[in-house]
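Student: For reference, the structure I am asking about is given below.
The values are calculated or read from the model by the stated rules, or taken from the named source; none is laboratory data. In this text the structure is predicted, and so the values were computed from the model without any measurement. Note that we place each Cβ from the backbone using ideal geometry, even for glycine, and neighbour counts take in every protein chain shown. Note: areas computed on protein heavy atoms with side chains; ligands, DNA, RNA excluded. Shrake-Rupley method; radii C 1.70, N 1.55, O 1.52, S 1.80 Å.
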Amino acid sequence: MSGASTDRLIDLGSSERSSDDLDELVALARMISYAKYAAEDVDLVGAMHCLGLALNEVLRAIGDGPHEGLADVLFSNRAPCLN
C-alpha cells in the first residue's frame, strides 16, 4: 500500500491499518466486483469463481470495521446479473 499512509491508523481488532490502506482495499474490492459482474454478463464461470474468491479475500482483509464505500461493494456483491 501507500508509504505515506502511516499517520492515520484504524484499529480493526488485532490488526491496525491506515485509512489510506483501507481506501485502497475498498477500491480493489470495487474493481474485483466490477470484473466479476462483467464475467457473469458473458457467462465466464471459471472467471466468476476466481473473482468471487478474490473478492471474499479482499473483504476479509478489510475486516468488520466501518468504512466509506464498502457498503456499495457489499450491495453490488448481491446484485442480480443483468443478462
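Student: Taking only pairs six or more apart or across chains, which ones have beta-carbon atoms under 8 Å, a first residue in region 33-48 that is charged (D, E, K, R), and a second residue that is not in a helix (DSSP H, G or I)?
Tutor: Pairs that qualify, where the first residue is charged (D, E, K, R) and the partner is not in a helix (DSSP H, G or I), are Glu40/Cys81; Glu40/Asn83; Asp41/Cys81; Asp41/Leu82; Asp41/Asn83; Asp43/Asn83.
Student: Collect the residues in region 38-69 that are at pLDDT 90 or above, open to solvent by 90 Å² or more (accessible area, probe 1.4 Å) and under 20 Å from Ser19 (Cα atoms), keeping them in residue-number order.
Tutor: Scanning region 38-69 gives Glu57, Arg60.
Student: Right, another one. Within region 22-37, which residues are more than 17 Å from Leu51 (Cα to Cα) and at pLDDT 90 or above?
Tutor: Passing the criteria: only Glu24.
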